[in-house]
Structures are given as structure tokens and as C-alpha cells.
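Visitor: Submitted below is the structure of interest, expressed as C-alpha cells.
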Amino acid sequence: MKAAYSSYLTAGLLLLLSLPACTETLPPGIMRIDNITAPALQLNNLDGEPYDLKNTQGHWRFVHFWASWCGPCRKEMPGIERMIAALGDSELEIVLINTAETEDEVFTFLGIVAPDLVPLMDSDGKVTDVWQPRGLPATYLVDPAGRIQYQALGGREWEKPEYLEFLQGL
């Protein structure tokens, strides 16, 4: 009886050890989203230059929806600017999407808060409607194949080491 129990215990332990690790340590507020294809995203930036998410496959994208009237967005934007500087030559592409505001509103806001950022303009809000964030700010991390793998709802201190290390590890 003891030998049979010992065999079952050994087999159970071997089975557990052979399973892939299911736990992933993520910074606070980052949620895993498994293999959802990123919706289309074609917009012009504040300078009028076109952008198409489909044409940027091959590396990770940080897709961030925000608005100047959003309190957490206002607080977060300088940190995003610092995050971009801290990431330096990283291949992570930063895609900032202003939701349903005029160019004048965005230009004035960024001139005061984060002058080096050049966002995409979703002036009519249609792209935001397709992506369906559950509030602003909302960030999606899109993998090189064009699938959403992570999401963050609400403001983050993206320039903090735990977020920078996570983003650099993508």
C-alpha cells in the first residue's frame, strides 16, 4: 500500500513539474489578454502624417488612448514623456491616440504638459469606438504579430522601474 501511494505521489509531482509556469509577474494594473487581434488603427498624427498599425508589425506597440479633459490622463502624460526618454533606443513603438478633441485643444494641452509628444488624432472618436476602451486612459500592448497581449486601464506611472523593466522585456 505504501509503495503504491509513493508511486502516485511521485507521478503527481512529476506531472506538476512538467506543466508550464502559469504565473506571470506583472506590474500593478497590467492585465494579460490572450491573443485578441488588434482592431484596425489608421489615423493622422498632430502634424498630419498618416499612421497605420498594420504597417508596423514586427515589434511591440504601446497603444494609449487619452484626452486632455481626463484627470488621470493629464497626470499621466508627463510620465509617458519620461518613459519614452528612459526607454531610449527601445524597439517598443509608442502610439498615443487623442480621443475626440480638436487639434487646437491637443496642441495647447501638450505644449504645457508634454511638449515632445506627437499623438494620433481620433477627432471623431471612431477608432476609439472600435477599440472600446472601458474608460480613459487605456493602454494596450500589441505584440509583433498584431495581437493584444496586455491591457492597462486607468493612469500608471509608466516611468517607474517596474513598468520600464516590463516594457523593456517585451
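Visitor: Tell me what the chain gives for mean residue ellipticity at 222 nm when only DSSP H runs of n ≥ 4 count, each as -39,500 (n - 2.57), the sum divided by the residue total, rounded to 500 deg cm²/dmol.
Guide: -10500 deg cm²/dmol
Visitor: Let me ask you something else. What nm value, rounded to one decimal, do you get for the distance between Asp143 and Asp89 when each label is placed 7 Å out toward the C-beta?
Guide: Modelled inter-label distance: 2.7 nm.
Visitor: While we're here: Return the distance in nm (one decimal) between the two label points of a simple spin-label model at Trp69 and Met31, each offset 7 Å from Cα along Cα→Cβ.
Guide: Simple spin-label model gives 2.5 nm for this pair.
Visitor: From the C-alpha coordinates alone, can you work out the Kirkwood hydrodynamic radius of region 17-110, in Å?
Guide: Taking every pair of different Cα atoms in region 17-110, averaging 1/r and inverting gives 15.9 Å.
Visitor: As a test of the definition: which semi-axes, in Å, follow for region 100-170 when you take the square root of five times each eigenvalue of its alpha carbon gyration tensor? Largest first, please.
Guide: They are 23, 18, 11 Å, listed from largest to smallest.
Visitor: Sticking with this structure for a sec: Work out, step by step, the length gained on full extension between Arg82 and Glu103: first 0.36 nm times the residue separation, then minus their alpha carbon distance; give nm to one decimal.
Guide: 5.3 nm
Visitor: Further question on the same structure: Mind pulling the angle between the C-alpha long axis of helix 2-18 and the longest principal axis of the chain? Nearest 10 degrees, somewhere in 0 to 90.
Guide: Helix 2-18 and the main axis of the chain meet at about 20 degrees.
Visitor: Let me ask another. Residues with beta-carbon under 14 Å from that of Thr56, excluding Thr56: net charge, scoring Lys, Arg +1 and Asp, Glu -1?
Guide: Local charge sum for Thr56: -2.
Visitor: Right, here's the next one. Per residue, how much space in cubic angstrom lies within the convex hull of the C-alpha atoms of the chain?
Guide: Roughly 142 Å³ of hull volume per residue.
Visitor: If R₀ is 22 angstrom, what is the calculated FRET efficiency for the pair Leu153 and Val130, using the beta carbon separation as r and rounding to 0.05?
Guide: FRET efficiency, Leu153 to Val130: 0.80.
Where a number appears in this text, it was derived from the coordinates with a stated rule and is not lab data. All of these numbers come straight from a predicted model, not from anything done at the bench. Cβ coordinates were reconstructed from backbone atoms using ideal geometry, including for glycine residues, and neighbour counts include every protein chain displayed.
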